[in-house]
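Comments concern the structure below.
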Amino acid sequence: MPRMPVIPLILLLAPAPPPSAATGSDASKELVVCAPGYPGDTASAQPTMDLFAKAASDAAEWPAGSLHAVYFETAEGGLRRLARNDAALALVSLPFFLQHEKEMGLQARLQVAEDSGALAVWSLAARRGRVPSSAALDGFEITGVAGYSPEFIRGPVLGEFGPLPPTARVTSTANVLSALRRAASGALIAVVLDDAQTRALATLPFAEDLEIVARSALMPRTLLCTVGGRLQPRRSERMVRGLEKLHTDPARAEILKTMRMTRFEPVDTMSLDAARRLFAAAGRPAAPAGTPAGKTGR
């Protein structure tokens with residue numbers, strides 16, 4: 001299924017340096033763009049990254065050449081780069097953000113809007129009539145580009161659908177089309193789709209064999225973050241203000257367009273906090289049978 005990420009838009013497990021380790025004045029900084037599971041690679045995306053870094057730096061009135069940007073299509077690559085002291089900004093998908101917010105010291109400053117808006121719904125597709133409830137996912141593989149974060153699937157995406165059976169397993173795949181084809185053929189597999197993939201579902205020749213069985217609430221799609229306090233507050237604020245007005249310059253708006261973005265805007269904190277709560281709940285131990293909702297039984 002054709003799907004370019006918001007950013008044409010993690011492990012060595014190296015711990016993030018202390019926040020105070022690299023807060024240089026006008027030192028060159030890196031913006032790490034990471035959208036695991038989406039198309040593209042570091043080399044092919046670099047020309048676009050160079051254009052974006054210059055546009056963002058100019059809009060923020062940073063010294064020429066003081067911002068670089070690099071794209072990674074894998075969580076491992078993104079995490080590896082974020083572990084370096086000069087990685088002061090990150091443009092990441094929501095699953096990546098929730099999975100690594102605390103570990104990497106990510107602070108969400110802006111959200112990215114596309115033509116369809118800044119908030120998106122994730123969906124679960126399965127063979128028609130096969131999954132009337134979450135309990136019917138017994139023995140299923142649940143897969144998608146966001147599957148590298150099982151807590152994101154179990155929480156923000158499917159938390160309202162109901163708890164997954166212990167036999168259900170969450171996996172990650174970049175080949176969503178193949179997974180959908182397997183689901184349509186009757187295999188025990190359900191596929192998590194982002195909003196663009198959901199819209200494209202109807203165009204598939206086997207679409208009649210599939211249905212959307214669960215939908216998430218609206219959530220931010222992509223977030224611009226500062227990383228580990230590595231950026232001086234003054235430079236950080238100038239970057240945020242610069243990115244917020246980036247779309248008002250026609251030439252810079254064209255660069256955003258090549259990245260399938262329309263503008264940067266303030267974070268919808270209510271939607272983000274709701275996603276955080278569901279993500280955190282998905283990481284807690286399951287409550288014993290009969291425990292009232294909202295309590296863990298401890």
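Annotations for the structure displayed:
- Rounded FRET efficiency, nearest 0.05, which uses the C-beta distance separating ALA135 from ASP115 and R0 of 30 Å: 0.20
- Separation of the ALA217 and ARG234 label points, Cα + 7 Å toward Cβ, nm: 4.0 nm
- 3J(HN,Hα) from dihedral phi, the stretch 85-91, Karplus parametrisation 6.51/-1.76/1.60, rounded to Hz, x for glycine, proline: 4, 8, 7, 9, 9, 9, 10
- Rounded to 0.05, the FRET efficiency of the ASN175 and ASP58 pair, given R0 = 30 Å and the Cβ-Cβ distance, is 0.20.
- Taking Cα centre as origin and charging only the Cβ of basic (Lys, Arg, +1) and acidic (Asp, Glu, -1) residues, the dipole magnitude of the chain rounds to 540 debye.
- Relative contact order of the stretch 104-232, pairs being alpha-carbon contacts under 8 Å that are 6 or more residues apart, as %: 47 percent
- Length released on extending from SER44 to GLU76, taking residue separation times 0.36 nm less the Cα-Cα span: 9.7 nm
- If you take all other residues with their beta carbon under 12 Å from the beta carbon of LEU272, and give Lys and Arg +1 and Asp and Glu -1, the sum is +1.
- At R0 = 35 Å, FRET efficiency that the Cβ-Cβ distance of THR248 and THR203 yields, to 0.05: 0.55
- Around GLY129: net Lys/Arg minus Asp/Glu count, Cβ-Cβ under 14 Å: 0
- Per-residue ellipticity at 222 nm computed for the chain from its helices equals -9000 deg cm²/dmol, with DSSP H segments shorter than 4 residues left out and the rest contributing -39,500 (n - 2.57).
- Dipole of the stretch 100-250, positive direction: furthest Cα of LEU210, GLY229, VAL170, with charges on the beta-carbon: GLY229
- Sorted on the mean count of surrounding Cβ atoms within 10 Å across their residues, most packed first, peptides 185-194, 228-237 read 185-194, 228-237.
- The length gained on full extension between ARG277 and ARG241, counted as 0.36 nm times the residue separation minus their Cα-Cα distance, comes to 10.1 nm.
No lab work stands behind these numbers, since they all come straight from the coordinates. Note that the coordinates shown come from a computational prediction; the quantities given were computed from them, not determined experimentally. Reconstructed Cβ throughout: ideal geometry from the backbone, glycine too, with neighbour counts over all protein chains shown.
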